[in-house]
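Okay, structure first, notes after.
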Amino acid sequence: MVFSPRLAEALLFQPSKEDPGRPPRLDGIPGEAISLNTSDGVVIQAWWYACGGADAGATLHSRNPGPAVLFLHGNAGNIAHRTPMARGLLRHGLSVLLLEYRGYGGSEGSPTEEGIYQDAIAGHRFLVEIVGDPGKIVVLGRSMGGAVAARLAAEKAPGGLILESAFTSLYDMARALYPFLPGFLFRRIRGRFDTVKELQRVNSPTLVVHGAEDEIVPVRMGRDLFQAARGAGSRWMEVPGAGHNDVFWVGGEEYFRAVGGFSREHTEGGP
């Protein structure tokens, strides 16, 4: 059986279609449910958290929400599962847009590699309208979202790029998961979700974070991504004891200090 792009995507995308409901308040900061129109006519959902919104009366159209993170999640679940990440970022002075890919949660459509990239563009366009400057945006891609984030950063030049638990390419992941199969079976997915290739076009500073005990995406892939990063000020952070899905839980406050400090440094000009 040759791994076709269609088969690879069927295995990769594991969306939760459960309605995530209304965005909860996070440490007193209200979330706003928004709808975004993609360039190919799909309506996707997102939750927007403006840092300081509860105190400053910030709203969806606030023109002073500070630096913002576009969070691109992995291949499973929906945005309701990402609120602990948003809470940590808010505590470090960063506004957050939790983007829901097509076919996930309350978003229309079905996920494809090109489709979720269009979703990321729609989220980036929204943030540019809100913060007014692409340099005030950090794109954070987790796991599968890392490949999408790297491609977006190559095209849109954000203030910074963060890759967490990201793989080097879909081809490399297939070889890692199925080492007993001959390589020719994977030839048709070469070039798909190729994070390394996209990183070679990224000039933004890049922070690569990976769990030392990642049981899904080998930590060596994280190191390879860091080696491929070209942006000045790029950094590597390995979280001891962390697996694939618990990096920020295990990393705790040290994780959020690193992510928050990197984000502010490259969007505000100082730590």
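Measuring nothing but protein heavy atoms, the accessible surface of the stretch 195-271 at 1.4 Å probe radius is 48 percent carbon and sulfur.
Database remark: amide H of Ile29 closer than 5 angstrom to no amide H (H placed geometrically; neighbours at sequence offset of 5 or more, or on other chains; Pro and chain starts carry no H). Packing-based ranking of 112-120, 227-235, 145-153, 243-251 yields 145-153, 112-120, 243-251, 227-235, ordered from highest to lowest mean Cβ neighbour count within 10 Å. In terms of packing, defined here as the mean over residues of other Cβ atoms within 10 angstrom, the peptides 160-168, 206-214, 131-139 line up highest first as 160-168, 206-214, 131-139. Counting only residues at least eight positions apart within a chain, or on another chain, the aspartates and glutamates with an alpha carbon under 19 Å from that of Lys156 are Asp40, Glu113, Glu114, Asp119, Glu129, Asp133, Asp194, Glu198, Glu265, Glu268. Straight-distance candidates among the aspartates and glutamates for linking to Lys17, with alpha-carbon spacing under 12 Å and chain neighbours fewer than 8 residues away dropped: Glu100, Glu108.
Students often get this wrong: which residues of the stretch 201-223 have the backbone nitrogen under 19 Å from the point 7 angstrom along Cα-to-C-beta of Arg235? Backbone N within reach: 203-212, 222-223.
The values are calculated or read from the model by the stated rules, or taken from the named source; none is laboratory data. Computed from a predicted model, the values in this text were never measured in an experiment. Because the Cβ atoms are built from the backbone with ideal geometry, glycine has one as well, and the counts that use them run over all protein chains shown. Surface accessibility is based on the protein's heavy atoms, side chains included, excluding ligands, DNA and RNA. Shrake-Rupley method; radii C 1.70, N 1.55, O 1.52, S 1.80 Å.
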